[in-house]
Protein chains: 2
Amino acid sequence: MAREMIRQGGRSARIQEEVHKAVNALLKTRDRSELTVPMVAESAGVTPSTIYRRWGDLSQLLADVAVAHMRPISEPEDTGDMQRDVEAFILQYAEEMSSKVGRQMLTDIIGSGGGGATVKCCGFTQLHLETLHQRALKRGEAGFSVADAVDFVVAPVIYHILFEDREPEPDYCRALVTRLFQRAD
Amino acid sequence: MAREMIRQGGRSARIQEEVHKAVNALLKTRDRSELTVPMVAESAGVTPSTIYRRWGDLSQLLADVAVAHMRPISEPEDTGDMQRDVEAFILQYAEEMSSKVGRQMLTDIIGSGGGGATVKCCGFTQLHLETLHQRALKRGEAGFSVADAVDFVVAPVIYHILFEDREPEPDYCRALVTRLFQRAD
């Protein structure tokens, strides 16, 4: 994952940046169903073939843009306590992912299946939780199983967001975290 | 959900049946990206406007067809033991949902967001688990929380299928069920 986080320079990176910018700008004024590769290419100032060569098709491009939004931009908040760190993470995660934009990003990533966007996306989540775990160890806390945190805290939140059967309210998210650490005890 | 299970008769049901049949038949020989509403309409012997009126657009239709596949067709297997019933359910569920067809159905349902397909889909899962819970009570077993089974057994399996970061192997699924019932104790 670490290499994923490094912003690479050069021409290829500039093309990616322009194309991503174009997609984000277009999505502000249009419904995604109206987007086409030639439209994106024109507003990014590249040829459609550049986009097809690099992303394959529109759904892969939209997934790539969505993953870029998922990329953690800063170190997770340090509350000084392992359980509160995980709580702070899931509360923010649930709020972002259950927003209209968040749901759309999840749909784009999942809909692109097999393109690697899905694995990258949960790689970011894993990386984030791994940071919290390592930080806990440094503090002399017991640490926690990142895999369990994914299964018993992240997965239920994502399930309810994707299947729209309940809102991942803050109290619900906190209860998931409490149970994760009860189980760990 | 119960009403959902009842096959409704009449003309409207026959149209739905023909259109679903047409979609399933077309998907056997073509990639879904090739499907169009006029194509489905022609092979179902209805007008495109019938499909637009009833389903709105192709993605809603594909989601509706996917949900129909999700609909439980028989009573869940009765192993005589609550935990083994849940285990039998999740093993079959994980196997079906992680198949190419299952992943595609999940993507269609999630991709159609807001159209009600998502809620129907997890409604079937809930109904299935509710049946297992009621059956356990009849046996004089303690029963289990259906909500917990969704959060701590179904959700992790779905998460890993959708984000493709790990296969929901039988041993993994069994461990989730074991932990659900340990927690309940």
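The values are calculated or read from the model by the stated rules, or taken from the named source; none is laboratory data. Worth saying up front: this structure is predicted, and the values here are computed from it rather than measured. Ideal geometry is used to build each Cβ from the backbone, glycine not excepted, and the neighbour counts take in all protein chains shown.
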Scan region B:154-164 and give yes if some residue there is crowded, with 21+ Cβ neighbours inside 10 Å, under 30 Å from A:GLN104 (Cα atoms), of a type in the set (Phe, Trp, Tyr) and within 12 Å of another protein chain (Cβ to nearest Cβ), otherwise no. yes
Could you check B:LYS100 against (1) more than 9 Å from every other protein chain (Cβ to nearest Cβ); (2) more than 26 Å from B:ALA66 (Cβ to Cβ); (3) basic (Lys, Arg) and say which number it fails? (2)
Can you tell me which of B:ALA88, B:ALA41, B:ALA22 is within 26 Å of B:LEU127 (Cβ to Cβ) and aliphatic (A, V, I, L, M)? B:ALA88
Do we have A:ILE110 as out of contact with any Pro (no Cβ under 6 Å at 6 or more places or on another chain), facing chain B (nearest Cβ under 9 Å) and at pLDDT 95 or above here? no
Taking region A:66-77 and keeping residues β-branched (Val, Ile, Thr) and in a helix (DSSP H, G or I) leaves A:VAL67
